[in-house]
Amino acid sequence: GGFFSCDMQKLREAVVAMPWVDDVSIRRSWPDKLSMIVTEQVPLARWGDDALINVGAEVFRPQSLDGFERLVKLSGPPGSGHRVVAFLQAAVPVARTRGLQITELELDDRRHWWLRFGDALTVSLGHENIEYRLAQFFRVYPNLVAEPQRQPQRVDMRYAHGFAVRWREVPAEDATTQDAESQEKV
């Protein structure tokens, strides 16, 4: 349509439907122009295998996820985006203080929380008392990694009065290298 007959709402909806557009403001500028202010999506993390999610927990699906492989992978049932993003934002600062990098955070269909870290460590938090269990994990983590020849592979924090650990045996040569590296850091 022309300047006056253009349906501004339909135009706005068409622009917002584009994957990388978060919001758009459209105004008519006299005598014959439309001006648009477009706010681009800013991805916080990957959502599942085919989408990204922003800080507002809005999922969007660009044509390609190339270049975003290093972002944390989040997943959860439909409608759980806000909970998963809030949990990630609470967990990341504490994880960093322990030298851990979260690579994946999952809320499964049974509402069971899973955390995966960059060193191939998986933590099972269950579906109750999540904040408490996570705090307990971060509290005991330095003791779990104290022996370089034995590193945790999986930690199950679902027990009321403790936790379970599956250990990954580190070959002796790797343990010696880690000992040397830890002594260099001191």
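Solvent-accessible area of the chain (1.4 angstrom probe, protein heavy atoms only): carbon and sulfur portion equals 50 percent. Restriction of the chymotrypsin sites (Phe, Trp or Tyr not before Pro) in the range 93-164 to DSSP coil positions whose beta-carbon has at most 11 other beta-carbons within 10 angstrom yields 159.
Think of a 1.4 Å ball rolled over the protein heavy atoms: the chain then has 63 Å² of accessible area per residue. Taking the range 35-68 and a reference point 7 angstrom along Cα→Cβ of residue 26, the backbone N atoms nearer than 17 Å belong to 35-40.
Among the listed options (i) 163; (ii) 132; (iii) 108, the one matching volume of the Cα convex hull per residue in Å³ as calculated from these coordinates is (i).
The values are calculated or read from the model by the stated rules, or taken from the named source; none is laboratory data. Note that this is a predicted model, so its numbers are computed, not measured. Every residue, glycine among them, receives a Cβ derived from its backbone with ideal geometry; neighbour counts consider all protein chains shown. Remember, those area values only see protein heavy atoms, side chains included, never the ligands or the DNA or RNA. Shrake-Rupley method; radii C 1.70, N 1.55, O 1.52, S 1.80 Å.
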